[in-house]
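S.K.: Submitted below is the structure of interest, expressed as C-alpha cells.
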Amino acid sequence: MDDLAKFLVARIADDHHAYAYVAHTLGGEALLDRHLPMLDLTEQLADADRTMASSDPRWAGLAYALRVLAQSYAEHPDYREESRP
C-alpha cells in the first residue's frame, strides 16, 4: 500500500497547489471550502498507512479506503489499475 499512499499524498499536494493558484487568481471565494478538509482527511489516512502494521485489524479497511479514494485520480498517468478496489 505504500506506493498507493505516496500516490495519494502527491495528488493531494497537486490539489492544494491548484487551490492556492485559484485562490490567488480568482480570490478565496472561488473555492469550495468543504473540499479542503476532505483533502486533509485523505492525507491523514495515507499517513496512517505508513505507520499502521498490516497485522492491525483496521489495516484491511484502511487499505480499501485508500483504493477507493485513489479512484478519483484514475485519469492521472501515474494511477495503477491494480489499485482499483
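S.K.: Mind checking the angle between helix 59-70 and the chain's longest principal axis? C-alpha axes, 0 to 90 degrees, to the nearest 10.
M.R.: Relative to the chain, helix 59-70 is tipped by roughly 30 degrees.
S.K.: Calculate the dipole size of the chain relative to its Cα centre from +1 charges on Lys and Arg beta carbons and -1 charges on Asp and Glu beta carbons; express the result in debye to the nearest 20.
M.R.: Dipole size: approximately 180 debye.
S.K.: Let me ask something additional. May I ask you to rank MET52, MET38 by accessible area, largest first, using a 1.4 Å probe over the protein chains only?
M.R.: Reading off the accessible areas and sorting them downward yields MET38, MET52.
S.K.: May I ask for the net charge around HIS76, where only other residues with Cβ less than 14 Å from the Cβ of HIS76 are counted and Lys, Arg are +1 while Asp, Glu are -1?
M.R.: Residues near HIS76 contribute -2 overall.
S.K.: Of the listed values (i) 46; (ii) 67; (iii) 54, identify the label whose number matches percent of Cα pairs over 16 Å apart calculated from this model.
M.R.: It is the value labelled (iii).
S.K.: For the chain, give the percent of accessible area contributed by carbon and sulfur heavy atoms, probe 1.4 Å, rounded to a whole number.
M.R.: The nonpolar share, carbon plus sulfur, comes to 56 percent.
S.K.: Just the accessible area per residue of the range 42-85, please: how many Å² with a 1.4 Å probe?
M.R.: In whole numbers, the range 42-85 has 68 Å² accessible per residue.
S.K.: Could you work out the helix-only [θ] at 222 nm for the chain, with each DSSP H run of four or more residues adding -39,500 (n - 2.57) and the total divided by the number of residues, to the nearest 500 deg cm²/dmol?
M.R.: Result for the chain: -21500 deg cm²/dmol, rounded to the nearest 500.
S.K.: Please list 3J(HN,Hα) in residue order for the range 6-18, calculated via the Karplus relation 6.51 cos²θ - 1.76 cosθ + 1.60 where θ = phi - 60°; whole Hz, with x for glycine and proline.
M.R.: 4, 4, 4, 4, 5, 5, 5, 4, 4, 5, 4, 5, 5
The values are calculated or read from the model by the stated rules, or taken from the named source; none is laboratory data. These figures come from a predicted structure and were not determined experimentally. Note that we place each Cβ from the backbone using ideal geometry, even for glycine, and neighbour counts take in every protein chain shown. Areas reflect the complete protein model, heavy atoms only, side chains present, ligands, DNA and RNA absent. Shrake-Rupley method; radii C 1.70, N 1.55, O 1.52, S 1.80 Å.
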